[in-house]
Each structure stands twice: as structure tokens, then as C-alpha cells.
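As C-alpha cells, the structure follows; a few thoughts come after it.
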Amino acid sequence: GDSVTQTEGLVTLTEGLPVMLNCTYQTIYSNPFLFWYVQHLNESPRLLLKSFTDNKRTEHQGFHATLHKSSSSFHLQKSSAQLSDSALYYCALRGGNMGYKLTFGTGTSLLVDP
Amino acid sequence: ETAVFQTPNYHVTQVGNEVSFNCKQTLGHDTMYWYKQDSKKLLKIMFSYNNKQLIVNETVPRRFSPQSSDKAHLNLRIKSVEPEDSAVYLCASSRDWGGNYAEQFFGPGTRLTVL
């Protein structure tokens, strides 16, 4: 079945430094949808980014990600971290025929220090 | 206001009791979901309904049963709760299941504590 791997459980960095959260996936389907969801403390997850186009950069709220089907990756990046970016980030996959289901990674907690 | 609403916010109960959680979405979406988020923040799909029809039923214990009266409502009943059911239950909806409309909108969650 589909799977999503987020290798870092916790990423801690100083405000102003660049952010990169890793996401790789596995699916048998050739046209997957990839998503990044963000969950702030005591809130529910909300969509940050999504993509289904190979090698096209997608951006929102200062974050960006590019779906690379050749490496099955969809890493989340930001040029300069802010304190308000501290949150839990989930990468999620919608495989081809499993349109009703998203498979989530284990999540990466991002902690930005002043 | 258009959003996904869940009741109750919190529920504390004892092992063996029955509980029910409600979810309503006013976004006009066709598909609704129940997720379980455990203490380690793992987020797993439990059920998915499209236009009142059960589409996805992951491997969950039989004591869990979803109920949908119309496409705007999806409830979750747990017949006899166990300690491992303690978690946050998140309801979500999406406009459709495929194409560019797979984005899911989440409700605030119901935190269940089983004593």
C-alpha cells in the first residue's frame, strides 16, 4: 500500500535560518497527489501546500515544495524561519485510485528558537 | 460560517461505556472522513464517506461504527470503549475525492479519555 516517510521527528533551528523538512513516498500509482499539512498547538491540521505536477514548484505563505517523481520526494522548504512557524508538519499522499484516503507521514515537529 | 464542526470538544468516560461523536460540515462537500490522532500524533484514517456511502473502512476494531444521515453529517460511535481508544478524533471533509479537490478540511477534534 501507499506509505509516506518523514525522517525527522523533531527539527530545532534558530529564527532566520532556512527550513527543510523531508518527505518521501511510495505508491504504485503514477499520478499521486502530495500535500503538506501544518498543525499548530491546540489546533487541527490545515493544508499548507499541495501538488500533483512533476518538477513544478508550489508556494504558499513563504513555504515551497516541488514534487519530484523521479526521487519520490516532496520536501518542504522555507528560506527564513519565523517563530510562528513552530508547529507539527505532516506530509500526506493521495494515491491514484485511493481518492478517498490520504496517507499521512508520522509528522515532523518544527521548533524555531529566537 | 462555513466550516467543519465537531461535538463534544472533550469526553471522559470509563472502560466499557458507549460514546458518540458528532460531525457536521457546512462547506457543501461530498466526502467526509474520520481520523484518529494518537498520543504520538500519528494521524490515521478510519472511515470515509462519499454522499452518505461508506467508501473507506480501514482496519479498525468492530466496536467503531460510523453513521451518516446525509452528506453533511458523519457521526462516530464507539460501542464499548477501551483504554487504547484514548485519542483525538478528527473529522474532515473534501469537496470530492479526486481531481484537484482532494484537499481536506479538518474540524477541531474531539479528545477522548478512557479511564
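To check you understand DSSP bridge types, tell me what percent of the beta bridges within chain B (both residues inside) are antiparallel, rounded to 5. The partial results should precede the final answer.
Values: 36 of 40 bridges.
The antiparallel fraction comes to roughly 90 percent.
With a cut-off of at most 14 other beta carbons within 10 Å, and DSSP calling the residue loop, which trypsin sites (Lys or Arg not before Pro) in segment A:18-114 qualify? Please list them. Spell out each step's value before the answer.
Values: sites: A:Arg46, A:Lys50, A:Lys56, A:Arg57, A:Lys69, A:Lys78, A:Arg94, A:Lys101; in loops: A:Lys56, A:Lys69, A:Lys101.
Those satisfying the criteria are A:Lys56.
In debye, nearest 20, what is the charge dipole magnitude of chain B about its Cα centre with +1 on Lys and Arg Cβ and -1 on Asp and Glu Cβ, if you could check? Could you put the intermediate results ahead of the total?
Working: 13 positive and 11 negative charges, 30 e Å.
About 140 debye.
What does the net charge come to around B:Ala102 if you take all other residues with beta carbon closer than 14 Å to its beta carbon, with K and R at +1 and D and E at -1? Walk me through the intermediate numbers first.
Working: positive: A:Lys50, A:Arg94, A:Lys101, B:Arg95; negative: A:Asp2, B:Asp30, B:Asp96, B:Glu103.
Result for the local shell: 0.
Would you mind calculating the relative contact order of chain A from Cα pairs under 8 angstrom and at least 6 residues apart, reporting the percent as a whole number?
Working: 293 pairs, mean separation 42.8, N = 114.
Contact order relative to length: 38 percent.
Name the residue farthest towards the positive end of the dipole of the protein assembly as shown from the options A:Thr108, B:Val56, B:Phe105, assuming +1 on Cβ of Lys and Arg, -1 on Cβ of Asp and Glu, about the Cα centre.
B:Val56
Rounded to the nearest 5, what % of the DSSP beta bridges within the protein assembly as shown are antiparallel ones? Don't jump to the answer; show the numbers that get you there.
Values: 68 of 77 bridges.
Of the beta bridges lying entirely in the protein assembly as shown, close to 90 percent run antiparallel.
Treating only the Cβ of Lys, Arg, Asp and Glu as charged (+1, +1, -1, -1), what charge dipole size does chain A show about its Cα centre? Round to the nearest 20 debye.
Working: 8 positive and 8 negative charges, 92 e Å.
For this selection, approximately 440 debye.
Over chain B, how many pairs of lysines fall under 15 Å by alpha carbon, counting only those 8 or more apart in sequence or from different chains?
Values: B:Lys24/B:Lys52; B:Lys24/B:Lys71; B:Lys36/B:Lys44; B:Lys52/B:Lys71.
Total qualifying Lys-Lys pairs in chain B comes to 4.
Using Cα pairs under 8 angstrom and six or more residues apart, how large is the relative contact order of segment B:4-114, in percent?
Relative contact order comes out at 37 percent.
What percent antiparallel are the DSSP beta bridges of segment A:3-113, to the nearest 5? Kindly include the intermediate steps, with their values, before the conclusion.
Values: 32 of 37 bridges.
Looking only at bridges with both residues in segment A:3-113, the antiparallel portion is about 85 percent.
With only Lys, Arg, Asp and Glu charged, each at its Cβ (+1 for the first two, -1 for the last two), find how big the charge dipole of the protein assembly as shown is about the Cα centre; round to the nearest 20 debye. Intermediate results must be reported in sequence, preceding the final value.
On the way: 21 positive and 19 negative charges, 99 e Å.
About 480 debye.
What net charge is computed for the residues neighbouring A:Asp2, neighbours being all others with C-beta under 10 Å from the C-beta of A:Asp2, Lys and Arg scored +1, Asp and Glu -1?
On the way: positive: A:Arg94, A:Lys101; negative: none.
Counting the neighbours of A:Asp2, the net charge comes to +2.
May I ask for the net charge around A:Leu67, where only other residues with Cβ less than 14 Å from the Cβ of A:Leu67 are counted and Lys, Arg are +1 while Asp, Glu are -1?
+3
Can I get the semi-axes of segment A:3-113's equivalent ellipsoid? Compute them from the C-alpha gyration tensor as square roots of 5 times the eigenvalues, in angstrom, largest first. Could you put the intermediate results ahead of the total?
Values: eigenvalues 109, 42, 27 Å².
After diagonalising the Cα gyration tensor, the semi-axes are 23, 14, 12 Å.
Readers should treat all values here as calculations from the given coordinates under stated rules, not as data from a laboratory. For clarity, every value in this text was computed on a predicted model and none was experimentally measured. Please note: Cβ atoms are built from the backbone with ideal geometry, for glycine as well, and neighbour counts cover all protein chains shown.
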